[in-house]
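Structure first, then comments.
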Amino acid sequence: MARDHGFHPVRITRVVQETADARTFVLDAPWPYRAGQFVTFRACGVLRSYSMSSSPDTDGALMTTVKRVPGGLVSNWMIDNLGPGDVVEVTRPAGVFCLRETAAPLVAFCGGSGVTPVLSLVKSALATTRRRVRVLVADRDADAIIFRAQLAELSDRHPERLEVHHHLDVLNDYVSEVQVRNFVNVDRHADFYLCGPAPFMELTERALLAHGAGTDQIFVERFGTASESPAGRAPAEDFGEEPPEEEPREEGTVTVVLAGKRRTVPKHAGETLLQSARRAGLAPPFSCEAGNCATCIAQITDGEAKMRVNNALDDDEVADGLVLTCQGEPVSADITVVYED
């Protein structure tokens, strides 16, 4: 398999309090990575992905920043319980929310903890290119701003290349499409990076497209969790309801190899490889079920599949036969996928 997505024990060397509800975890993990990527943690029986706030071009250690979420299982546990010396299980870095090789300006819009991968991108862009960088950071109030001091220090160091604008909802309401367009101004040829709450990103993307930006200029990082089910298990059934009608079958089969078990089931129309694996009685790994985190990655060894959404694998990895099983639908009569042990 082209990429190692197994979990590895990694020691926390330092914890930095960024705000009252956000912490940066400095990890003793000397893996190569690209600015804007993420790692996936296995904790509390579930899997969660968190972006790096560090840059491989400016920081000596890999850092990931976690913000407390009301009712959040892993984020709250990490913030309340983890400290220097503790060991966590994480994957190697993954993700495609990365810099392109271009001289075009970089314009980023981030909300809340969405500033985490943006900081990584900003640091690398300033360190390795001559690109102009402009960032709009939206937060609830001044106390919620993550990396305020770091962004100010970078602005002081690169006054002619970096512009940071802080938008506070308590003073100015939520960011509007007009504000997005005004911030872009004449930089319609820029690369645009978006990360934050879904409504914020949808509004921003809509405003950018209406302002003349092309879809190939807009890069969006989305993280979400399909359920709070334990890692590697399908969501629990909803008892007391009528069972759903069986999906129509197609000619063909889906074969899944996982943890030494090999299962083959008839192919069902509109069913993903992950759903087929569950129907086969297996417990495949998954997390976001949105094509973002790469937790459900597997290798196609026979046949072909097409992904509905792919925000985690690059073109070379897809060409090598890797697939996000939560998004992959078979396009060949028969297909075999193998999950890494």
Across (1) in contact with a Leu (Cβ under 9 Å, 6 or more places away or on another chain); (2) surrounded by 20 or more Cβ atoms within 10 Å (Cβ to Cβ); (3) of a type in the set (V, I, T); (4) in contact (Cβ under 8 Å) with a residue 40 or more places away in the chain, V96 clears everything bar (2)
Give the residues of region 168-200 that are free of Cβ contacts under 8 Å to residues at least 40 places away in the same chain, of a type in the set (A, V, I, L, M, F, W, C) and under 14 Å from G114 (Cα atoms), sorted by residue number. A198
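Return yes when V164 is part of a strand (DSSP E or B), in contact (Cβ under 8 Å) with a residue 12 or more places away in the chain, touching a Ser or Thr at 6+ places or on another chain (Cβ under 7 Å) and not hydroxyl-bearing (S, T, Y) and no when it is not. It would help to see each step written out before you state the result.
Details: part of a strand (DSSP E or B): yes; in contact (Cβ under 8 Å) with a residue 12 or more places away in the chain: yes; touching a Ser or Thr at 6+ places or on another chain (Cβ under 7 Å): yes; not hydroxyl-bearing (S, T, Y): yes.
Yes.
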Can you go through A277, A298 and tell me which one is crowded, with 16+ Cβ neighbours inside 10 Å and touching a Phe, Trp or Tyr at 6+ places or on another chain (Cβ under 6 Å)? A298
Filtering region 307-341 down to residues that are under 15 Å from G95 (Cβ atoms) and assigned to a helix (DSSP H, G or I), which residue is modelled with the highest pLDDT? V318
Would you check if there is a residue in region 154-161 being of a type in the set (D, E), free of Cβ contacts under 8 Å to residues at least 40 places away in the same chain, assigned by TED's automatic domain parsing to the domain that holds S120 and over 21 Å from G112 (Cβ atoms)? yes
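Can you tell me which of A294, A277 is of a type in the set (A, V, I, L, M, F, W, C), more than 18 Å from E251 (Cα to Cα) and modelled with pLDDT under 95? It would help to see each step written out before you state the result.
Details: A277 fails: more than 18 Å from E251 (Cα to Cα).
Just a single option satisfies the conditions, and that option is A294.
Just one of G83, G45, G71 is small (G, A, S), modelled with pLDDT under 95 and out of contact with any Pro (no Cβ under 6 Å at 6 or more places or on another chain); which is it?
Values: G83 fails: modelled with pLDDT under 95; G45 fails: out of contact with any Pro (no Cβ under 6 Å at 6 or more places or on another chain).
Among G83, G45, G71, only G71 is small (G, A, S), modelled with pLDDT under 95 and out of contact with any Pro (no Cβ under 6 Å at 6 or more places or on another chain).
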Go through (1) out of contact with any strand residue (DSSP E or B) (no Cβ under 9 Å at 6 or more places or on another chain); (2) under 30 Å from S287 (Cβ atoms); (3) modelled with pLDDT under 95 for E221 and report which single condition fails. (1)
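The values are calculated or read from the model by the stated rules, or taken from the named source; none is laboratory data. Note that this is a predicted model, so its numbers are computed, not measured. Glycine gets a Cβ as well: all are built from the backbone with ideal geometry, and neighbour counts include every protein chain shown.
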